[in-house]
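To keep things clear, I will list the structure first and then write my remarks on it.
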Amino acid sequence: MLATLALRRSLCVATSLNAVQPQIVLSAHYSVGKGKPTPKAVTPAKKAPPPPPARKGTPPPPAKKSTPPPPTGKKPAQNTVVAKKPAAKTPPPPVKKPSPPQGSKGTVVVKAQQQAAKEKAKEKAQKEKERDKEARERQREKERLAKEKAKEKEDMAKEKERDRKLKEKEKEQQHKEKEKEKEKKLIKKERADREKQEIAEKKREEKAKKDAMPSRPKSAYICFAVEARPTIVKENPQLPVTAVLGEIAKRWTALPKDKRQKYDQLAEQDRARFERELKEFKKSYPDPPKRALSAFSIFVQENSAIIKKAQPKAKVTEIMKQLSKQWNTISADKKKKYEDAAAQDRVRYLKEKEEFDDEHGK
C-alpha cells in the first residue's frame, strides 16, 4: 500500500515537470547590415530522469523542491530557461534599441542605412511629386472640361440667339414682302381704276367730239334723194328699201339739168354750212400736233411713190419689204440725210406740242 502511494507521487512530480514549457528569450543582438534583431532559440535544460521504482516494503524517497535563486539585482543570463507556472502569465521582456556597431564595419553599416533612408525619402518625395503632378493634371483636365462645357453652352446659347434673330428677320422680311405685295396690288388696282377712268373719259370726250362734229356736206344727189324719197314711199308703200333707192336713182338720171340747178344750190349752201361749223368745231376741239417722223419713215415717204410707179400692182406689204431691204443696204452718208431730217422734224414736234399745251392748258 505504501509502495503504491510512493509510485503515484513520483508520477505526479514527473508530469508537473513535463507540463512546464520553456520560454525562449530573445537576444538583443542585431544582424550586421540589416538593423533587425535575430531571435535565438534557447535550448531547454535536460530533464531529470525519473526516479527508480521503489521496492516493496520500502517507503518512497521524498521529492526535491526547487528553490528559487537568491535575489542578486542582476538580470538573468541569456540562453537560460526560466520556468514559470502555467497559471501565471508574465509580459515579454522589453526589446532594447540596437546600438550602432563599433569599428569600420559599423560606420559602413550606418552609411548604408543613411543612404537607404535618403533613397527611400527621395523615392517618397518623387512619388509625392508625381501624385501632386497627377492631381494638378486632373485639376487642369477638369478645368479644361469645365471650360469646354461652358464654351459649348455659350456657343449653343449664341446659336439659339442667332437662330431666333434669323427667324425674327425672316418673319420681318415676310411681313415686308406681304406689305409690298399689298402695296403692289393697291397700286395695280389704282392704276387699273385710273386707266378705266381715263378710258371712260376718253370715250366720253370722243362721243362729245363726235356729237359736236358738224355733219358732212350733202351732195346734189343726196338733196334730191331726201326730197324724192317720201313721195316714192307714199306712192308705193310696199316697195322695199332697195327698190326705193333704185327708183330714186332712175328719177335722178332722168331729171333735166335746169331742174338739177336747184339741188346744186342746196349742196353749195350745205357745204358753206359745213365749213362754218368745222371752223367753230376746231376752235373747241383743236387737233394735236403731228408726231415726229423717224428717218426710216421719211425714207419710205420719198421712195414708196417710185416703187408704186414702177410696180402699180404691188401690194403694200411687198413695197414695205423692198423699202426695208433698200434701207439696210444704203450707205451711212445717205442715211445721215434722213437722220438730219428726222431730227428737224422732232424739233418741230416739240415746239408745236409746247405751244399746244400752253394754249389749251394741258
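Key figures
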{"read-out": "Qualifying residue in the range 292-306 (condition: under 30 Å from residue 251 (Cβ atoms) and surrounded by fewer than 14 Cβ atoms within 10 Å (Cβ to Cβ))", "value": "no"}
{"read-out": "Total residues in the range 221-265, condition surrounded by 13 or more Cβ atoms within 10 Å (Cβ to Cβ) and either outside the structural domain of residue 281 (by TED's automatic domain parsing) or among the basic types (Lys, Arg) (or both)", "value": "4"}
{"read-out": "Test: residue 336 is under 30 Å from residue 215 (Cα atoms), out of contact with any Pro (no Cβ under 7 Å at 6 or more places or on another chain) and in a helix (DSSP H, G or I)", "value": "no"}
{"read-out": "Residue within the range 353-362 that is surrounded by 13 or more Cβ atoms within 10 Å (Cβ to Cβ), assigned by TED's automatic domain parsing to the domain that holds residue 298 and touching a residue at least 12 places away in the same chain (Cβ under 8 Å) present", "value": "yes"}
{"read-out": "Candidates 200, 249, 267, 228 - the one that is aliphatic (A, V, I, L, M) and touching a residue at least 40 places away in the same chain (Cβ under 8 Å)", "value": "267"}
{"read-out": "Among (1) surrounded by 13 or more Cβ atoms within 10 Å (Cβ to Cβ); (2) touching a Lys or Arg at 6+ places or on another chain (Cβ under 9 Å), the one test that residue 288 misses", "value": "(1)"}
{"read-out": "Number of the condition not met by residue 346 [criteria: (1) over 60 Å from the mean Cα position of the chain (by Cα); (2) assigned to a helix (DSSP H, G or I); (3) basic (Lys, Arg)]", "value": "(1)"}
{"read-out": "Considering residues of the range 225-275 that are assigned to a helix (DSSP H, G or I) and polar (S, T, N, Q) only, the residue nearest to the chain's Cα centre (by Cα)", "value": "242"}
{"read-out": "The lone exception for residue 212 - which of (1) under 30 Å from residue 286 (Cα atoms); (2) without any contact (Cβ under 8 Å) to a residue 12 or more places away in the chain it fails", "value": "(2)"}
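The values are calculated or read from the model by the stated rules, or taken from the named source; none is laboratory data. From a predicted model like this one, the values you see are computed outputs, not experimental measurements. As a convention, Cβ positions derive from the backbone with ideal geometry for all residues, glycine included, and neighbour counts pool all protein chains shown.
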